[in-house]
Amino acid sequence: LQKRKILFVIIVSCSIFSCLYFIRTGKGLHKLAGKLRRQEIHNDEVIKQQFDDKNIDSQTDSHTDSQTDSRQKPNRSEEEEGRLITFHVSNLEGSPGSEGTFSIRTRPSWSPKGAQRFEDLTEQSFWNGCRFFRAIDNFVVQWGINGDPNIQKKWRAKVFEDEEVKASNDRGTVVFAMSGPNTRETQMYINTGKNNKNLDKQGFTPIGTVIQGMDVVDQIYTGYGGDVNQGKIQNLGNKYLEDEYPKLSFISVALFE
């Protein structure tokens, strides 16, 4: 028992001397502090790496989203292809002084040759004064014989070939009229009916569409139906129409926007 007490005293004394030594020299504290600093640096590196990884993932996701958006959004040039033309119309519903406008955008992707001819006629002011000589409710309104027989005569031989029907004859589409294969020249119609898809099989190729003012198109006078003699328009011009069909709506001017 006496030996155990002596041994206990020795151990306690050694421990006390050791603690006093480390406290005095600071070695123990330096080691502990160094260990803590190393752990702290390691933690900072881990956090930084996680932050960098997150940024990379975020940039990748952003780039992917950007590519997806780019694919999903329609090309602006496709939305605004062709040219925009505004038609100023008089004699709406057969009433003098009743006027309005509608706008047509040509679609070269549907009919490059047809769209080009339509734009050429506009540039030469061909449409000015033209009457809507054939207008049938819920079907079509047709125009395109110039009121001056001399001007019309110059275009009668300028027919151009048919093209593949790439768009349907939906309501609001603008189409060249024709009397058979490869006979398109200057006469046009706008589809006002909703069930004109049968015209697709007959080779009637839309070249543009009414993008604004379809309510004005619906006010074009239809009281005469299709009774007007087209041969007389070709030979006598607007004088024939003004004398016998005074209520016909007509284009006062057509202008590019």
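For segment 98-154, the square roots a ≥ b ≥ c of the C-alpha gyration tensor eigenvalues yield an a/c of 1.5 or more together with a/b not exceeding b/c, which makes the shape oblate. Only protein heavy atoms count here; under a 1.4 Å probe, TYR245 has an accessible surface of about 40 Å². Can you tell me how segment 82-233 classifies by the Cα gyration tensor, rounded, prolate or oblate, using a/c under 1.5 as the rounded cut? Because its axes are fairly even, with a/c under 1.5, segment 82-233 counts as rounded.
With the cut-off at 25 Å, tell me which of the pairs LYS113/LYS153; LYS194/LYS232; LYS158/LYS194; LYS153/LYS194; LYS201/LYS239; LYS153/LYS239 have Cα atoms farther apart than that.
LYS194/LYS232; LYS158/LYS194; LYS153/LYS194; LYS201/LYS239
When you restrict to C-alpha pairs under 8 Å that are six or more residues apart and normalise by the size of segment 121-241, the relative contact order lands at 33 percent. In terms of its C-alpha gyration tensor, segment 148-247 comes out oblate, because a/c is 1.5 or above while a/b does not outweigh b/c.
Extending 7 Å from Cα along the Cβ direction at GLN116 and again at LEU236 yields two label points whose distance is 3.8 nm. Around ILE207, which amide H atoms from residues at least 5 apart in sequence, or from another chain, sit under 5 Å from its own amide H, with H modelled in the peptide plane? Under 5 Å from the amide H of ILE207: VAL174, VAL175, PHE176.
Using a 1.4 Å probe, what is the accessible area per residue for segment 147-237, in Å²? Before the final figure, lay out the partial values.
Numbers: 4570 Å² over 91 residues.
For segment 147-237, the per-residue accessible area is 50 Å².
Spatially, segment 86-154 and segment 228-244 are offset by 16 Å when compared through their Cα centroids.
The values are calculated or read from the model by the stated rules, or taken from the named source; none is laboratory data. Here the structure is a predicted model, which means the values were calculated and not measured. So basically every Cβ, Gly included, is an ideal-geometry build from the backbone, and we count neighbours across all protein chains shown. Ligands, DNA and RNA are stripped out before the accessible areas are found, and what is left, the full protein with its side chains, is counted by its heavy atoms. Shrake-Rupley method; radii C 1.70, N 1.55, O 1.52, S 1.80 Å.
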